[in-house]
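Engineer: Dropping the structure in here first, questions after.
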Amino acid sequence: MKYLYILVIYGFIFLLTALQMQYTIIKGLLWSLFFFWLIRPVLTGITLDNSCGITRGCYHDCTSSGCSFLIMWFYRPEIKAIEFTMKKSFSDIYRQQWFAMGFSHDERMGDDSVIECVSDPDVRIWADARHSYNDNHYNVEISHPKIGLREMSGSMRDGIITCNFTRLVRVEDIDSIFNLDKPWYLLVTNGYMDNGSKLKHELYPNEPFISPYKVDFQKHDDVTGRKIHYLVRVHGCLMVFAWMILASASIILARYYKHQWPEGRACGRRIWYQVHKVIMLSVLICVTASFIVIWIHTKGYAKLKGANVIQKAHPTLGIIVMGLTVINPLMAFIRPKSDTATRPIFKYVHGFLGTTVYVIAILNCILGVTLPNTFVPWYTMWIIIAFAIYQLVFEIMMESYECFLIKTGRKSDYEIREMSAIRNSITKIPAPPGSLLKNILIGFHVLVLFGFGITSIVTIAL
């Protein structure tokens, strides 16, 4: 519902702006309501128990405004059992809910023993606990869902589902119910029910909330935070920096600034060429480093368990991007001379490959931030989409301006004067038409690229 509200508010604002209506007060009120709605404290109704870390172990995501979930446990050695309390807040109190914690030998979903807290389908104020099992990325029922569970009670009130129960430390002869006499990673997630069947988890958009380390349920640790795959984040940050900042600036430079700064030289070559070459070599370095990092993390081609069909294209597209990123600079180093017949062919092939790899890379960045186990905020995808739209609009604007200069004859006249100055070894080469505006535009473009890029990198890194 939160995302729907955001879309509705943005829709109103866009409509008012698009129609160029002068209702400044209304637009101001809408922006104010939207802003204050975002920053308002979210009161979940769940607060951190004072016993956490002292007489009880806890795992939670509590902040100053409350908790989205809270799991507490207490070891009872006299009966060799662990007393659990599970709490989770829900925004939709009229649907049947489920809340689950899984015990896993690694930090990934799959091969996990699960205890579910499920609201009653008929009497919604009741809730019940039961066992299940994660077979790969699918949750399956087991033959004896209540075995090992004692002293069970549960409720669903005021949008909070609660289950209290005692779980025996050891449950013999059932492989799908793990013994709790050793530490496990704790996986937490939730979702809704449909006609008695669990729908896909919703607590966090990509994957369950996973404890940062294995939890010993016979101790009283206060566990917060989640497992972070740092190599995945390094991979994402490098790719965003390479394509959203470096490549985006370099493409504009190569397409529309070849005649800019005619008197400037670096190592005997035009400035645009040298800057373009350095930037694209930097892109190659970033992409190669990013490729190596993710290859080390996934130990080969990533299988992306839990991803949908579209998301599973991410590693394949990544390999394509890596290959084209290597091929295109190699082509540039062996390009034919400017006075040969094959130079125009090289120019178009080089440009086509550059544009192709750029488009694939940006699309792959969008796919990448939605993948399981990345835990990237949902709005990162929209930041990259907004960037892609901006880049497209900026290129259309630059292309239109170039067409205007050609149509008016200003560009053709300048190129003739420029070639004449070069042939006659004239030191003073006239400035190209629209030089001041182009300088302003490239400066503006670089600032916007850094704005989009750094924002995306921060959301991925943190």
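No lab work stands behind these numbers, since they all come straight from the coordinates. Since we're looking at a predicted model, the values are computed, not measured. Note that each Cβ is placed from the backbone with ideal geometry, even for glycine, and that neighbours are counted across all protein chains shown.
Engineer: Give the Kirkwood hydrodynamic radius (Å, one decimal) of the range 224-351, defined as one over the mean of 1/r across all pairs of different Cα atoms.
Structural biologist: One decimal place: 17.0 Å for the Kirkwood radius.
Engineer: Once R0 is set to 25 Å, what does the formula 1/(1 + (r/R0)^6) return for the Cβ-Cβ distance between T356 and L462, expressed as a FRET efficiency to the nearest 0.05? Don't jump to the answer; show the numbers that get you there.
Structural biologist: Values: r = 32 Å, r/R0 = 1.28.
So, using R0 = 25 Å, E works out to roughly 0.20.
Engineer: Further question on the same structure: Bin width 10 Å, alpha-carbon pairs only: give the P(r) of the range 55-200 as whole percents, running from 0 to the bin holding the largest distance.
Structural biologist: Calculated over all Cα pairs of the range 55-200, the distribution is 12, 43, 37, 8, 0 percent.
Engineer: Follow-up question, since we're still on this one. Calculate the FRET efficiency for V278 and E399 from the Cβ-Cβ distance with a Förster distance of 30 Å, rounded to the nearest 0.05.
Structural biologist: E between V278 and E399, to the nearest 0.05, is 0.75.
Engineer: Output ³J(HN,Hα) for the range 284-289: one whole-Hz value per residue in order, computed from phi by the Karplus curve 6.51 cos²θ - 1.76 cosθ + 1.60 with θ = phi - 60°, and x for Gly and Pro.
Structural biologist: The phi angles translate into 4, 5, 5, 5, 5, 4 Hz.
Engineer: To continue, here is another question. Which value, in debye to the nearest 20, gives the size of the charge dipole of the range 140-299 about its Cα centre, when Lys and Arg are +1 and Asp and Glu are -1 at the Cβ?
Structural biologist: With only Lys, Arg, Asp and Glu charged at Cβ, the dipole is about 1120 debye.
Engineer: Show log10 I(q)/I(0) for the range 273-407 at q = 0.09, 0.12, 0.19 Å⁻¹, two decimals, from a solvent-free Debye sum over equal Cα scatterers.
Structural biologist: -0.36, -0.62, -1.24
Engineer: So what are the ³J(HN,Hα) numbers for the range 78-85, from phi and the Karplus equation (6.51, -1.76, 1.60; θ = phi - 60°), rounded to whole Hz, Gly and Pro as x?
Structural biologist: Residue by residue, the range 78-85 yields 5, 10, 6, 9, 10, 8, 10, 10 Hz.
Engineer: Quick one: which of K277/K312; K88/K312; K277/K407; K227/K299; K219/K299 span more than 22 angstrom between C-alpha atoms?
Structural biologist: Check vs 22 Å cut-off fails for K277/K312; K88/K312; K277/K407; K219/K299.
Engineer: Right, here's the next one. Just add up the charged neighbours of G354: K/R +1, D/E -1, any other residue whose Cβ is under 15 Å from the Cβ of G354.
Structural biologist: Here the charged neighbours net out to +4.
Engineer: Using modelled amide H (1.01 Å from N, peptide plane; none on Pro or chain starts), what sits under 5 Å from the amide H of A81, excluding residues fewer than 5 places away?
Structural biologist: For A81, the qualifying residues are R76, V169.
Engineer: Packing-wise, with mean Cβ within 10 Å as the measure, how do 386-399, 45-58 rank, highest first?
Structural biologist: Details: 386-399: 14.9, 45-58: 16.4.
Final packing ranking: 45-58, 386-399.
Engineer: Continuing with the same structure: Tell me, what ³J(HN,Hα) does each residue in the range 328-338 have, in order and in whole Hz, if you take phi through Karplus 6.51 cos²θ - 1.76 cosθ + 1.60 with θ = phi - 60° and put x for Gly and Pro?
Structural biologist: 5, x, 5, 4, 5, 6, 10, 5, x, 5, 5
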